[in-house]
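What follows is one structure encoded as structure tokens, with my remarks underneath.
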Amino acid sequence: MLTQSQVRDAIGDGAGILRLEPNWVPRSFMIPGRRLKLHPDDLYAYGGHRGGINERWFASTTKAANGPPTGEFEGLSFIRHANGSRILFKEAVEVAGDDLLGSAMAREGGWNLLCRFFDNMGPIPHHMHQSDHFAKLVGQKGKPEAYYFPPQYNQLDNNFPYTFMGLEPGTTKDDVRKCLANWNKGDNGIINHSRAYRLIPGEGWQINPGVLHAPGSLVTYEPQVASDVFAMFQSLVEGRIVDWSLMTKDVLPEYHHDLDYLISMLDWDGNVNERFAESNKCFPKPVRPAAEMAHLGYRENWITYGTGYYSAKELTVLPGRAVTIKDAEAYGIIVTQGTGKFGVHDLVTPSMIRFGEMTQDEYFVTAGAAQVGVRIVNNSDCDPLVILKHFGPGNPDAEPLRKKK
């Protein structure tokens with residue numbers, strides 16, 4: 001059994017920063033987009049029956065919800081200790097939450113964050129994530145989520161760089177009911193009642209629980225509440241049948257064929273919002289004045305904001321420069337470009353990753369180290385060092401950007 005002293009040893013050895021193993025997740029209902037740096041021979045490392053690997057999860061304490069074949073640790077991150085031993089990140093948070101997250105975040109319910117890359121050849125079926133009210137009925141958490149499209153991973157658009165979001169104003173619940181009733185007739189026509197938005201690298205979106213969305217084919221960085229709850233509302237995507245079980249996997253059995261109940265899970269006003277893009281699109285916002293940051297050798301933008309559930313930043317350290325960055329709370333990182341140093345650790349953006357092999361592109365920064373500040377060095381004289389930083393709930397630095405209800 002893991003002890004607090006073992007976690008503290010790992011924290012001490014990394015000077016407050018923990019190195020994390022790559023965490024790969026397959027999805028049986030999608031086709032991998034092949035841009036996550038995973039070796040092409042390893043795309044089906046879990047077996048063809050499990051589907052291809054199209055997601056990489058970061059600093060995850062959430063087990064993937066992939067049905068009966070799901071492995072014991074699928075979706076869960078591991079810390080790699082300097083001595084080569086492995087520690088389950090979820091267990092480390094449970095036994096040493098204050099050491100990792102600080103007492104403030106521990107009081108907020110711990111590391112209630114799931115962050116990932118997903119990468120698909122085409123669109124995901126039009127679906128929604130239940131609110132707390134409906135998710136709690138099946139022992140899960142409701143899930144808001146956010147999107148950001150990192151340019152470094154999106155040199156190719158793949159097949160459909162658009163996302164259907166919400167429902168067209170004027171759509172009625174009876175329209176949606178007819179779509180669900182037609183599930184077994186092939187295409188149930190749900191996206192006939194929606195609108196597709198072009199996805200732009202370097203921009204993002206906020207999607208609240210109960211809002212329908214069919215993410216497109218850009219590689220997406222996705223901070224969200226730590227939950228894998230969802231309900232598919234589209235029966236056919238790119239010629240592939242979506243099984244009804246994916247509509248009802250997080251619904252009480254007695255409601256599996258109650259179409260009115262299933263529709264009641266939707267946030268109706270959020271879906272038919274006439275100003276959907278204005279309400280939900282996110283553009284990068286500088287953390288500090290741009291000229292001030294450039295003088296110090298970096299730039300940092302908020303890329304996910306507006307909600308108290310999570311937040312995220314994109315940090316760029318300019319070529320040949322070094323900077324010390326302080327943050328109020330613990331956070332995870334993934335490097336998208338460049339090489340350098342992150343505290344005492346090496347940073348390397350991989351060009352190719354074998355399944356089961358380690359990388360030097362993902363770390364977790366404890367609250368203590370974040371508050372003291374992490375020194376980051378860009379070793380290149382020409383290439384920027386780019387890091388995405390994901391924060392859990394209640395980050396006070398993000399509060400000024402929180403949307404008022």
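The values are calculated or read from the model by the stated rules, or taken from the named source; none is laboratory data. None of the values given here were measured: they were computed from a predicted structure. Cβ coordinates were reconstructed from backbone atoms using ideal geometry, including for glycine residues, and neighbour counts include every protein chain displayed.
Data table
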{"item": "Strands (runs of 3 or more DSSP E) wholly inside the stretch 260-331 containing at least 2 residues that are touching a Leu at 6+ places or on another chain (Cβ under 8 Å), buried (at least 20 other Cβ atoms within 10 Å of the Cβ) and modelled with pLDDT of 95 or more", "result": "298-304, 311-317"}
{"item": "Test: residue in the stretch 113-120 that is surrounded by fewer than 19 Cβ atoms within 10 Å (Cβ to Cβ) and in contact (Cβ under 8 Å) with a residue 40 or more places away in the chain", "result": "no"}
{"item": "Residues within the stretch 44-80 that are charged (D, E, K, R), modelled with pLDDT of 95 or more and part of a loop (DSSP other than H, G, I, E, B), tallied", "result": "2"}
{"item": "Meets criteria (at pLDDT below 95, outside the structural domain of P40 (by TED's automatic domain parsing) and farther than 30 Å from D41 by Cα) for G373", "result": "no"}
{"item": "One residue from G189, G122, G166 being touching a Ser or Thr at 6+ places or on another chain (Cβ under 6 Å) and under 19 Å from M232 (Cβ atoms)", "result": "G122"}
{"item": "Members of the stretch 385-396 found to be surrounded by 17 or more Cβ atoms within 10 Å (Cβ to Cβ), at negative phi and not aliphatic (A, V, I, L, M), listed by number", "result": "K389, H390, F391, G392, P393, N395"}
{"item": "Filter pass, I334 being under 26 Å from A10 (Cα atoms), in contact with a Leu (Cβ under 6 Å, 6 or more places away or on another chain), surrounded by 15 or more Cβ atoms within 10 Å (Cβ to Cβ) and modelled with pLDDT of 95 or more", "result": "yes"}
{"item": "The stretch 251-267 residues that are in the same structural domain as D175 (by TED's automatic domain parsing), paired with ones that are crowded, with 16+ Cβ neighbours inside 10 Å and among the aromatic types (F, W, Y) (beta carbon under 6 Å, 6 or more apart)", "result": "Y261/Y255; M265/F134"}
{"item": "Pick from the stretch 163-187, criterion part of a loop (DSSP other than H, G, I, E, B) and of a type in the set (D, E, K, R), ranking: farthest from the chain's Cα centre (by Cα)", "result": "D187"}
{"item": "3 or more residues surrounded by 21 or more Cβ atoms within 10 Å (Cβ to Cβ): qualifying strands (runs of 3 or more DSSP E) within the stretch 188-236", "result": "204-207, 220-224"}
{"item": "Residues being more than 24 Å from W205 (Cβ to Cβ) and hydrophobic (A, V, I, L, M, F, W, C) - total across the stretch 370-405", "result": "7"}
{"item": "Candidate set from the stretch 338-365 (those that are in contact with a Pro (Cβ under 7 Å, 6 or more places away or on another chain) and over 28 Å from P393 (Cβ atoms)); member that is surrounded by the fewest Cβ atoms within 10 Å (Cβ to Cβ)", "result": "I353"}
{"item": "For F160: the one exception among (1) closer than 21 Å to T307 by Cα; (2) assigned to a loop (DSSP other than H, G, I, E, B)", "result": "(1)"}
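One line per residue, one yes/no per condition, for (1) on the phi < 0 side of the Ramachandran plot; (2) in the same structural domain as P215 (by TED's automatic domain parsing); (3) not small (G, A, S):
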position	(1), (2), (3)
L18	yes, no, yes
F29	yes, yes, yes
A45	yes, yes, no
I53	yes, yes, yes
A64	yes, yes, no
G67	no, yes, no
